Amino acid sequence: MKMNIFEELYKELKKEYGRSDGQWTLWCKRPKTNREREEVIVGAVLTQRTNWKNVETALENLKKEKINSLKDIYQLGARKLAPLIRPSGFYLTKANYLFHLIEFIFKNYQGLERMKKANLKELRQQLLELKGVGEETADSILLYALDKPIFVIDEYTRRLVKKREMAKNLSYPFLQNLFEKNLRKDFRLYQDFHSLIVIDAIGNYKF
């Protein structure tokens, strides 16, 4: 069966880079422990408007203080959390976003086990209603922390689509639908493909 351009692109990136490394070693790990899923959720919020090196420093600060779970962060509170995540930038805002996201998880699902079983469409809408959780953050949580088959679109994906002339419409919903329509519905494939797009972009763009 002839591959479409999306399948061909995935095969090309897979051949070029092999297995995803760096942050993606955890984010694409299968299966993940509950603690690892929680770390992905924290990282998904902290990585907004910053680079992963800064997020790693913030995560190390949390570990040094033995803040190793969503429950630990929730008990700590946003005010005490803020200075620990300072390296990630916009730390006061992110502390509030993260605290309220965790509050939502515990209040509605009592943790990640029940959250994993929730309906994808309904859960996505609930996440998008939270302050500070946009489409990219929500979908990163759904895909990488909860193994939901939804393709993450970010600026790296848009640049690659534009460069390869795969589409003219670069809006989030259009591109997400385009990728999902042209790939088999598999969270493993979506995790690997998106991570390889980011790895390729970071290697080819200067920031």
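Please treat every number below as a calculation from the coordinates, not as lab data. Computed from a prediction, not measured in an experiment: that's the story for all the values here. FYI the Cβ positions are ideal-geometry reconstructions off the backbone, even for glycines, and counts take in every protein chain you see.
Go through segment 87-174 and name the GluC sites (Glu not before Pro) that are in a DSSP coil and have 12 or fewer other Cβ atoms within 10 Å of their Cβ.
Glu129, Glu165
To the nearest 20 debye, what is the magnitude of the charge dipole of the chain about its Cα centre, counting +1 on the Cβ of each Lys and Arg and -1 on the Cβ of each Asp and Glu?
For this selection, approximately 100 debye.
Sum up the charges of everything whose Cβ sits under 15 Å from the Cβ of Lys14, counting Lys and Arg as +1 and Asp and Glu as -1, but leave Lys14 out. Can you show the working numbers first?
Working: positive: Lys11, Lys15, Arg19, Arg184, Arg188; negative: Glu7, Glu8, Glu12, Glu16, Asp21, Asp186, Asp192, Asp200.
So the surrounding residues net to -3.
Using the eigenvalues of the Cα gyration tensor, what equivalent ellipsoid semi-axes result for segment 31-145 when each is taken as the square root of five times the eigenvalue, whole Å, largest first? Numbers along the way, then the final one.
Working: eigenvalues 89, 44, 36 Å².
Value: 21, 15, 13 Å, ordered largest first.
For Ser20, Ser88, what ranking results if the residue with the fewest other Cβ atoms within 10 Å of its Cβ goes first?
Values: Ser20 22, Ser88 27.
Fewest-to-most Cβ neighbours within 10 Å comes out as Ser20, Ser88.
Rank Leu84, Thr47, Asn34 by how far each Cα sits towards the positive end of the charge dipole of segment 31-145 (+1 on Lys, Arg Cβ; -1 on Asp, Glu Cβ) and give me just the farthest.
Positive-most Cα among the choices belongs to Leu84.
Which longest run of the chain has no exposed loop site in it, a site being trypsin sites (Lys or Arg not before Pro) in a DSSP loop with at most 16 other beta carbons within 10 Å, and the site itself not part of the run?
Numbers: sites that count: Lys2, Arg19, Lys29, Arg49, Lys66, Lys117, Lys131, Arg164, Lys168, Arg184, Lys185, Lys206.
In the chain, the maximal stretch lacking such sites is 67-116.
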